[in-house]
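**Q** Questions regarding the structure given below will be posed in turn.
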Amino acid sequence: MTNNRTISIAILLAAFVVAGSIWTKPAIGTKTISAAQGNIGVVDIYHLVDILIMSDQASHERTDFETKSSQTITALEQQLIGIQTQMSQITQDDPQSGQLYNQYQQVTQQIQQATNQINAGYQQLLSTQIADAYKTIHAATNEIAADQGYTFVLATRRGADLIQTTTLTGVTQEILARPLITPPDSVDLTESIRLHLGLPTMEEITAKIQAEQEAAQAAADAASQAAQEPATDPVDNLPTPATEITDE
């Protein structure tokens, strides 16, 4: 499964890539305010969504899902191994051969079905997390905008440095995520919203993930080293018996 702590949401954020998302009061039938009459702010919603779905809470939800899914697949695989062991111990002429083969086919299909359900369930979980993150940021943006006197808030990434550049889809989405090309620093509400939600910085999350990966690698290396060391023979640890001296 994908490493849930380093997950990329470029594809799943496609639904959120708009050329000018605006948070303001509900629209009414006639125009009552112009852009010239209201302050315009910007927010990097994509960055904040990344932080939320890489947070401990969202990460733990995905880890729990993966653990339960792994247990389900492992149980089915153990059944399959048991059937294979029985099949290896009988001949094709054995009356049980046909029955065991049918069981083997059934368990194989169950594994495939379970795998498909797990993949679909994981995508649904991740999509729900992103949708919930968007709602949380949307609400926080409205609060910050109202507090700081902004009438319009545009969702945009700032700067020309693209993040996803390995695929055409990624590059296109990165460009579409920047509908407002040159917003000044003074109207960027991203940091204010991050602090309002009590979120860590991306640098803090990245450092924590790296520390977790290094700790896991160190533990794996130690376990591998321990497995390679020869076991000590208990007999070698016994004291040397004293030599008995007898008179001739």
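The values are calculated or read from the model by the stated rules, or taken from the named source; none is laboratory data. What you see is a predicted model; the values in this text were computed from it and never measured. For neighbour counting, all protein chains shown are included, and Cβ atoms are generated from backbone atoms with ideal geometry for every residue, glycine included.
**Q** List every residue pair whose Cβ atoms sit under 8 Å apart, with the two residues 6 or more apart in sequence or on different chains, where the first one lies in the stretch 100-117 and is more than 13 Å from GLN78 (Cβ to Cβ) and the second, anywhere, is of a type outside the set (Ser, Thr, Tyr) and outside any helix (DSSP H, G or I).
**A** LEU100/ILE90
**Q** Of the residues that sit in the stretch 42-54 and are closer than 16 Å to LYS208 by Cβ and part of a helix (DSSP H, G or I), which one is nearest to the chain's Cα centre (by Cα)?
**A** Keep residues of the stretch 42-54 that are closer than 16 Å to LYS208 by Cβ, which gives 50-54.
With part of a helix (DSSP H, G or I) added as a condition, the list becomes 50-53.
Working: ASP50: 10, ILE51: 11, LEU52: 11, ILE53: 7 Å.
The qualifying residue nearest to the chain's Cα centre (by Cα) is ILE53.
**Q** Please find, within the stretch 101-150, the residue that is modelled with the lowest pLDDT out of those that are crowded, with 18+ Cβ neighbours inside 10 Å and more than 30 Å from ASP56 (Cα to Cα).
**A** TYR150
**Q** Moving on. Would you mention how many residues in the stretch 55-71 are within 14 Å of ILE209 (Cβ to Cβ), among the charged types (D, E, K, R) and in contact (Cβ under 8 Å) with a residue 60 or more places away in the chain?
**A** Start the filter on the stretch 55-71 by keeping residues that are within 14 Å of ILE209 (Cβ to Cβ), which leaves 55-56, 58-60, 62-63.
Subset that is among the charged types (D, E, K, R): 56, 62.
From the residues that got through so far, the ones that are in contact (Cβ under 8 Å) with a residue 60 or more places away in the chain too are 62.
Counting residues in the stretch 55-71 that are within 14 Å of ILE209 (Cβ to Cβ), among the charged types (D, E, K, R) and in contact (Cβ under 8 Å) with a residue 60 or more places away in the chain gives 1.
**Q** Just one of (1) touching a helix residue (DSSP H, G or I) at 6+ places or on another chain (Cβ under 8 Å); (2) surrounded by 12 or more Cβ atoms within 10 Å (Cβ to Cβ); (3) among the polar types (S, T, N, Q) trips up THR63, so point out which.
**A** Among (1) touching a helix residue (DSSP H, G or I) at 6+ places or on another chain (Cβ under 8 Å); (2) surrounded by 12 or more Cβ atoms within 10 Å (Cβ to Cβ); (3) among the polar types (S, T, N, Q), the lone unmet condition for THR63 is (1).
**Q** Take the residues of the stretch 151-163 that are surrounded by 17 or more Cβ atoms within 10 Å (Cβ to Cβ) and assigned to a loop (DSSP other than H, G, I, E, B): which is modelled with the lowest pLDDT?
**A** This residue is ARG158.
**Q** Next question. Output the residues belonging to the stretch 164-210 that are assigned to a helix (DSSP H, G or I) and acidic (Asp, Glu).
**A** GLU174, ASP185, GLU191, GLU203, GLU204
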